[in-house]
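Following: one structure in structure tokens, then a few remarks.
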Amino acid sequence: AIELAAARTRMMQPARILESLDDRFRLLTGGSRQKLPRQQTLEASVAWSYDLLDVDEQILAMRLSVLHSFDLETAEAVGSGTSVDAYAVLELLTRLVDKSLVLAEHADGDTRYRFLETVRQFLRTRLLASGEAHAVRQRQLAHFLGLAEQLAPRLPLGDGPRCLARLQSEHDNLDDALVWAESTQARVEMLRLVTALSLFYELRGHLAHGGRWFARALALPGADDARADVLRARALWGAAHVAFYGGHFERAAASASNALALAQCVGDTWAEARALNTLGVLQSLATPVQARESLARSIELGRSIGDEWAVADGWKMTTVSWYVQHDDAGARPSMAELRRVGEALGSRFFLAWHQAMVGYFARDHGDYELAGNAFTLALAHCRFVGDPSTGGFAECWSAALDADLGRFDIARQRLQRLLATAAATGSELALPECLFAMANLAVAHGDAAQAAELLEPQIEPTCAAGVPSLAAQLLLTLGAARRLLGELAAAAAALARAAEQSAPLQNAFLDASIQFQRGLLARAAGDDSRAEDHLHAALAVQVGAGLRPGVICTLEALAALASSGDSHAESARILCVAAGLRMLIGRVRGPLEQAAHDALVARLREQLGEAEFMAQWVSADSLGMAEIVEYVSRARGQRKRPLSGWASLTPTELRVVALVAEGLSNPQIGERMFIARGTAKIHVAHIFDKLGVTSRSQLAAMATARGIDAQRA
């Protein structure tokens, strides 16, 4: 064949030859007349070998040509029939291997057989000419339908990986069976087969591929009756399940709703339980309380018919509803049930998600050792099972933990690898979490522009998909990036959208994070009073929810505020406790945080003197988190500015007032104070609001009357 193809290079480019090889017998004809007849064409060469076979060997070879590769069981099911008994297949197959017409390949204790593609094409032509093709294809469809339905219930269980590997080895044959079912309008068989493959498509990441097959199966015409309606309800669930894991939430919701309605109409509890499962997880994304009602009903129905998957996955999706609210206390009962059923079933698939959830909550509580161990277990389970969806989340959260611990390069490499392979591997559901972690890493290194570039394209699709918790996370970090870029109005808008997205969820992590970012934004705008309000609001939520990493960051921000208000001793004490908490949990500052911390410490040493600084540091060393929070709150009460009037103005705002009195415009004020003109504009707006003035001339007159000038301010 290679020699015959090479002869064509005088007339055709290699790329054109490659394109034409699908019909190799038409392409590779002719040859030297000096060759033997069997060498003059490729077809003649294969025919010469075929003619040397016994009749039974020829029949079996023709029949097996419908298969891409196969094992003995498949060969017996598809190759036996008229004139060839199933018990004779082994002997005939052995002879075909001995005569080099069939290749035997041994791997992992199994033997699979295949033809060279050229030989297979020749044999398929003979099969069509024999009139047996329809019967052989029917046996092929029946065999693979039976195999898929036999393995489907076992896919998420202890021997699931072995069953998944078996289906993966038959993937091309399964596709051929579906093609045949579609071409012969075998609606019942096609609906049964795609439904049986639902979890295979999920767990092997064949989500787009599976989605296309569900669409084609559900589009097949046919008479409706009770049996067909049951099969259609089940296939609609499978289509919804695959669409959800593919990130097509609207399509998933439509299919799941139709599945539920049809299942209830025909009284099919199996389809009803599973449709409620998919609807439940979709509801979890925006209405987690309502979702738990659907999932509880799904679990109840699954238990009533012994559907182990519906029960176990119902508990899994219930934990998702608590993840959306970031409520580990609420999640504990469902996590315990998930672990119990996972262990009872020997299912590393369900145990993987349980460990991922353990790590997720532990990380945000600052228990980094527990989080690291849990992520390691989750990823080991995912690698064993081959679950790309859970694996994507666990990989992302584990990489974020690397960043928390100062392993920035490792974290970046892992996240970039996940981002690059998400669509291909089926882990695309974790994409917003991955982008959130990558953008946070960029912000921590002072690369706000890169963070914004990562986030902007994903925010609208995530909002449109109805996943408010993930949308709020992306908007949070976008707000931080815009603040660092000096785009304060854009930062405020991003945080406002984050608050809007998260408001219905009662998510402590998001609520505290929004308050924290608003505090930093207010400080960037020079409004220290509002900054303090937001930071204390964040601190109260973080302490109540036990979010120690958040507490650390908020305390450090409050320490910086205290120092800017000349409360240097207070600042040193707060900073000391924050440092102690950092050491306790092992959280490492990013480069941007470290630079700000070093600058603050240097200023405190200068203002207090080394002896006093160390004295304040030592005095706070024994304080716990509760004591320092009480101290910070008390200190705030003692020096809190009013919300309006001249006493409410910060030192920065007083400086702006003096420059307005001089007649400077906002751009000129920005240039004089080394701030952006937008920041100057925000300062002026805040001053107008606090003093109740409406014009610059009115403000200038009031400043002059009070004796405020630029030099004194």
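Before moving on, here are some points about what is shown:
- Nearest-ten-degree value, helix 368-385 long axis tilted from longest Cα axis of the chain: 20 degrees
- Taking all protein chains together and rolling a 1.4 Å probe, residue 76 ends up with roughly 60 Å² accessible.
- Accessible surface of residue 172 - all protein chains present, 1.4 Å probe, nearest 10 Å²: 90 Å²
- P(r), alpha carbons of the stretch 101-193 - 10 Å bins starting at zero, rounded %: 14, 38, 35, 12, 1
- Nearest-ten-degree value, helix 696-705 long axis tilted from longest Cα axis of the chain: 30 degrees
- Contact order, relative form, for the chain: 7 percent (alpha carbon pairs under 8 Å, 6 or more residues apart, mean separation divided by residue count).
- Each residue, residue 460 and residue 493, gets one label point 7 Å from its Cα in the Cβ direction; the gap between the two is 1.3 nm.
- Computed on the Cα atoms alone, the convex hull of the stretch 367-464 gives a volume of 96 cubic angstrom per residue.
- Paramagnetic reach from residue 407 in the stretch 566-595 [backbone N under 18 Å; point 7 Å along Cα→Cβ]: 585-591
- Exposure of residue 78 as accessible area (Å², to 10), given a probe of 1.4 Å and all protein chains: 0 Å²
- Placing 74, 195, 694 in order of accessible area, with the largest value first and a 1.4 Å probe, yields 694, 195, 74.
- Subtracting the Cα-Cα distance of residue 226 and residue 503 from their residue separation scaled by 0.36 nm leaves 95.2 nm.
- Euclidean distance between Cα centres, the stretch 417-458 to the stretch 656-685, Å: 36 Å
- Remark: accessible surface ordering of 213, 646 (largest first) is 646, 213, probe radius 1.4 Å.
- Taken along the Cα-to-beta-carbon direction at a fixed 7 Å, the label points for residue 91 and residue 49 span 2.4 nm.
- Given in Å, the Rg to one decimal and the Dmax to the nearest whole number for the Cα atoms of the chain are 34.0, 115.
- Extension gain, residue 290 to residue 662: 0.36 nm times the residue separation minus the Cα-Cα distance gives 128.0 nm.
- On Cα atoms only, tilt of 89-98 relative to the major axis of the chain in degrees: 90 degrees
- Residue-averaged [θ]222 nm for the chain, counting only DSSP H segments that reach four residues, each worth -39500 (n - 2.57): -24500 deg cm²/dmol
- Dividing the convex hull volume of the alpha carbon atoms of the stretch 91-139 by its residue count gives 110 Å³ per residue.
The values are calculated or read from the model by the stated rules, or taken from the named source; none is laboratory data. Note that the structure is predicted; figures quoted are calculated from it, not measured. Quick reminder, even Gly has a Cβ in these numbers, built from the backbone with ideal geometry, and neighbours come from all protein chains shown. Keep in mind that these areas ignore ligands, DNA and RNA; they rest on the heavy atoms of the full protein, side chains included. Shrake-Rupley method; radii C 1.70, N 1.55, O 1.52, S 1.80 Å.
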